[in-house]
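Chemist: Quick one: the structure is below, and I'll ask about it shortly.
The values are calculated or read from the model by the stated rules, or taken from the named source; none is laboratory data. Keep in mind that what you see is a predicted model, and the values were worked out from it rather than measured. No Cβ is skipped: glycine too gets one built from the backbone with ideal geometry, and neighbour counts run over all protein chains shown.
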Amino acid sequence: MIVRMSKIMVMGPLDLLIDTLALIERLGIMQIDTDRDEGTVDQESADQPYLLDRKSVLEHQFYENLGKKIDELFKILPPAKHISPEHVSALAPDTVASIIPDHIAESRKRFNDIVSIQQEIEELERYSIYLDALGELADESETHDDIEWIGVQVESHKDLVDLQDQIESKYEGKVVVEAVTRDDGDQIAVITTERELFHDVLKTIQEMKLVVYRPPEDLRSQPCAKQKNIITRRIGEKKGMLSLLREQEDNFTRKWQSEYQKIRNLVDSQLSLIKVTAAVVRTRMCFFIYGWLPASDFQLLENELEKQFGGKVVLEESELAEKDFSRIPTALHNPVYFEPFELFTRLLPMPPYASFDLTPFIGIFFPIFFGMMLGDIGYGVILLCIAFFLIRRFAGRRNLKDAGKILFISSLYTIVFGLFYGELFGTIGHTFLGLKPIIFDRRTSIIPMFCFAVAVGVVHVILGLVLGVILSLRHHLKKEAIFKLVNIFVILCLCILAVSYFTPSMTMVQKPLLLTIGIATPVLFIVGGIMAPLELLKNVGNIISYARIMAIGLTSVLLAYVANYVAGRIGSVWAGIIVAVLLHTFNLLLGVFAPTIHSLRLHYVEFLSKFMEPGGKEFRPLGGKK
């Protein structure tokens with residue numbers, strides 16, 4: 001539901017301005033109006049925006065620079081863990097400003113050292129792999145004064161063949177290319193060349209843009225066996241240095257990151273306070289703060305002002321003018337049942353204050369559509385258990401918890417419609433428990449299910465059009481309201497006409513209905529323009545689109561039937577159970593994602609397009625509470 005807002009003014013002596021703003025921020029229930037029309041205060045009092053003095057300007061610059069430095073430090077440090085920034089930091093902002101440059105320099109140096117050592121370790125490990133490959137081809141116990149080896153990384157067998165063809169053909173047998181396959185399947189090409197050809201061969205390989213394994217500069221003159229021992233020792237030393245740096249980084253993070261996060265929150269708060277101070281209107285002796293707050297919180301703010309200032313600061317509620325409605329911020333508050341469905345409305349633009357909160361409509365129809373599509377007692381019970389797990393396991397993560405609650409509600413509707421359809425894991429309920437459908441069997445009643453789905457579509461689309469009519473009247477758009485009313489009337493006539501073709505006793509109403517529709521068509525052109533018939537056809541197409549409820553439901557029940565049929569024909573009880581579980585699991589996964597996606601589509605496209613208005617401004621109270 002959209003919370004009813006009050007337009008208010010807080011006024012008092014100029015010397016109490018900062019204290020008043022601090023109180024408003026602490027309560028977190030009022031949004032300062034920074035887009036106020038001039039002339040609200042008596043012009044004889046020379047109203048004007050509150051001008052920041054030099055001290056306030058310097059304070060703003062100080063906090064802004066401090067915030068940038070903290071952000072710079074956070075980019076260097078690893079992600080924060082288990083930080084509780086709600087408490088006040090033990091450090092003063094001035095103290096933090098004096099120590100943070102050293103912390104940034106220290107952290108950046110440590111970060112660069114970590115990156116450099118990691119790169120060195122990677123290079124040494126790559127070269128160590130090459131030495132292992134070389135040891136399989138060359139006798140390292142012998143000296144080879146006239147021979148050099150070059151290791152080359154090859155990505156595929158084709159690269160290896162190309163390398164062999166180019167090198168061996170160019171140097172006519174003076175250079176040999178051999179391949180060594182590692183345990184992980186990768187290949188290393190080892191090139192054996194005469195010392196005098198070494199640089200020429202190396203240049204050829206580089207022109208082919210292949211990766212060459214190069215030894216460290218100080219080891220190039222050492223035998224391979226000695227290189228291997230030195231590199232192994234160096235890798236160990238580098239990993240020890242890396243471990244020490246990681247430990248230092250962790251110690252610094254545990255000690256300082258929480259404090260810096262608390263200071264960052266304080267910086268945001270102070271900057272917000274200074275910003276809204278500039279939006280305050282003042283006279284020579286008084287200040288005037290204009291803004292919005294939920295009507296239910298008016299008494300709370302009034303009581304707190306009276307308690308702290310003893311009547312020196314006064315709260316007044318102003319009457320809303322029509323021009324205010326485009327500026328009123330929107331705050332949503334829904335009952336416990338509907339609140340989880342805000343997960344879906346948060347994906348949409350915030351509705352204007354004078355519009356409708358979309359959450360209750362999605363909260364009513366989404367689980368109904370979901371249950372109509374899946375409609376199986378067994379699947380519903382499984383989803384109920386999964387929902388309980390999500391709610392308990394992710395109690396501190398709002399989106400996952402809301403998803404669990406939505407799944408819980410939808411699974412209840414799935415069980416209810418499963419009773420209506422007489423389905424428990426498809427036909428198992430009928431076979432073993434004698435379960436029978438209350439309304440119809442979906443496998444054999446395709447036409448009734450189609451009519452049922454389309455009837456739901458009629459109700460849903462017409463409700464959307466009715467809400468569109470209400471909004472049009474609120475905005476004094478009478479022509480648009482009449483156009484939507486005529487659309488509703490014609491759709492109802494078409495529905496009755498469609499029913500009459502299947503009901504012989506209603507054939508007498510067909511001609512009057514056709515005549516009525518013919519009369520209504522020119523009215524559509526008058527109030528809706530030349531595109532009016534297309535809009536009507538679009539609405540009819542939207543209604544027919546609800547047939548997807550029948551189609552997806554039919555797919556689900558047929559897959560469940562196939563799972564039971566295949567399992568029963570295998571011949572082995574345990575093999576049949578395994579096959580049935582696998583196929584039912586697959587069907588359940590489809591039965592969660594397909595109804596979710598298509599239910600949302602029916603809301604976002606077919607339903608909300610009839611009345612949804614974008615352009616709302618989210619309610620953002622000073623202090624961050626919502």
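Chemist: Looking at Glu317, Glu306, which is the one that is in contact (Cβ under 8 Å) with a residue 40 or more places away in the chain and either under 30 Å from Ile406 (Cβ atoms) or among the charged types (D, E, K, R) (or both)?
Modeler: None of the others qualify; the one that does is Glu317.
Chemist: A follow-up question, please. Consider segment 326-344. How many of its residues are touching a strand residue (DSSP E or B) at 6+ places or on another chain (Cβ under 7 Å) and either basic (Lys, Arg) or more than 15 Å from Pro367 (Cα to Cα) (or both)?
Modeler: 5
Chemist: Which of the numbered conditions does Arg110 fail, given that it passes all the others? Conditions: (1) at negative phi; (2) modelled with pLDDT of 85 or more; (3) not assigned by TED's automatic domain parsing to the domain that holds Gln270.
Modeler: Every listed condition holds for Arg110 apart from (3).
Chemist: Scan segment 385-400 for residues that are within 14 Å of the chain's Cα centre (by Cα) and basic (Lys, Arg) and jot them down.
Modeler: Arg397, Arg398
Let's see how each residue does on (1) touching a Leu at 6+ places or on another chain (Cβ under 7 Å); (2) outside any helix (DSSP H, G or I):
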{"site": "Ala580", "(1), (2)": "no, no"}
{"site": "His584", "(1), (2)": "no, no"}
{"site": "Asn587", "(1), (2)": "yes, no"}
{"site": "Ile597", "(1), (2)": "no, no"}
{"site": "Arg601", "(1), (2)": "no, no"}
{"site": "Glu606", "(1), (2)": "no, no"}
{"site": "Ser609", "(1), (2)": "no, no"}
{"site": "Gly615", "(1), (2)": "no, yes"}
{"site": "Leu622", "(1), (2)": "no, yes"}
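Chemist: In segment 269-324, which residues are small (Gly, Ala, Ser), farther than 30 Å from Tyr63 by Cα and assigned to a helix (DSSP H, G or I)?
Modeler: Taking segment 269-324 as the starting set, the residues that turn out to be small (Gly, Ala, Ser) are 269, 272, 278-279, 291, 295-296, 310-311, 318, 321.
Still in the list and also farther than 30 Å from Tyr63 by Cα: 295-296, 310-311, 318, 321.
Ala295, Ser296 - these are the residues of segment 269-324 that are small (Gly, Ala, Ser), farther than 30 Å from Tyr63 by Cα and assigned to a helix (DSSP H, G or I).
Chemist: Taking only segment 455-478 into account, find how many residues are within 30 Å of Met373 (Cβ to Cβ) and not in a helix (DSSP H, G or I).
Modeler: Going through segment 455-478 one residue at a time, the tally reaches 0.
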